[in-house]
Amino acid sequence: MSKSKPVVDLDVEAVIADMATRLKQFLKASKRSKPLIVGVHTGGVWVAHALHEALGLGEAVGELNIAFYRDDFSRIGMHPTVSPSNLPVAVEDRHLVLVDDILYSGRTVRAAMNEIFDYGRPASITLAVLIDREERDLPIRADIVGATMQLAAGEHVKLTGPQPMKLELSKVGA
C-alpha cells in the first residue's frame, strides 16, 4: 500500500513561469526560432500547455503517448486504453521542445525521442522537465529543469492536475 501527501513547498505555477523565462532565453541564445512544443502524456502535456501559453506560441501543442515505445512492458504492464500521439505539424527540420513532468531513469525521454524520429528528423530537440530526480539509467539530461529532487528509496513523486497542477509524494509500503 502507498500513501500520498502533497509536496507543499513547491509552487508549480511559479516553477513553470521561471522555466518559461529560461526556455525563452535558451531558444533565443541558441537561435532556435518557432519551436514546436511537444508534451509526453500525461503530466508532460499539462506542463507543455502551460509553457506554450507562457511563451505565447501560435501552433498547437504536440502530444506524445509513448506506451508502445516503452522498454518495460513486462514490469509495468500496458494500460488498456492507449490514445494515439498527436503532432499537429511535421517535425522534419523543426526545433522541438520536448516536455515531461518528471525526469528519473531517462527511459521515458528515450521512448519519446524514438517516437519523434518515427515522424521525421527534427533539427533539434530541447528537453524541458518540471522535476529532475537526478538519477539515471540512461545518459539523458534536461536543458531546462524546473526543480530538482532527491528522494529516499521507495519514494515517488507524481504530478497531479491539470487544474491545479500539484506534486504528490508517495512511499511504497507506508
For the chain, shape from the Cα gyration tensor axes a ≥ b ≥ c, cut at a/c of 1.5 then a/b versus b/c, turns out oblate
Magnitude of the Cβ-charge dipole (Lys and Arg +1, Asp and Glu -1) of the chain about the Cα centre, nearest 20 debye, reported as 180 debye
If unit charges are put on Cβ atoms (+1 for Lys and Arg, -1 for Asp and Glu) and the dipole of the chain is taken about its Cα centre, the option from Trp46, Pro162, Phe117 lying farthest towards the positive end turns out to be Phe117
Percent antiparallel among DSSP beta bridges confined to the chain, nearest 5, equals 40 percent
Taking Cα pairs closer than 8 Å and at least 6 residues apart, the relative contact order of the chain in percent is 28 percent
Percent antiparallel among DSSP beta bridges confined to the range 95-174, nearest 5, equals 35 percent
Once Gln25 and Leu151 are pulled to full extension, the length gained, defined as 0.36 nm per residue separation minus their Cα-Cα distance, is 42.4 nm
Quick calc, Ser83 & Ser124: beta-carbon distance into FRET formula, R0 22 Å, rounding 0.05, result 0.25
A chain fully extended from Lys34 to Asp11 at 0.36 nm per residue, minus the present Cα-Cα distance, gains in nm 5.5 nm
Taking 19-32, 109-122 and ranking on average Cβ neighbours within 10 Å, highest first, one gets 109-122, 19-32
Of Ala153, Ala60, Ala90, the most mobile residue in a GNM of the chain (C-alpha springs, cutoff 10 Å) is Ala153
Taking Cα atoms only, helix 107-119 is inclined relative to the longest principal axis of the chain by an angle, in degrees rounded to 10, of 30 degrees
With a ≥ b ≥ c from the Cα gyration tensor eigenvalues, square-rooted, and the rule rounded for a/c under 1.5, otherwise prolate when a/b > b/c and oblate otherwise, the range 17-73 is prolate
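Just so you know, all these numbers are worked out from the coordinates, no wet-lab data involved. Here the structure is a predicted model, which means the values were calculated and not measured. Glycine gets a Cβ as well: all are built from the backbone with ideal geometry, and neighbour counts include every protein chain shown.
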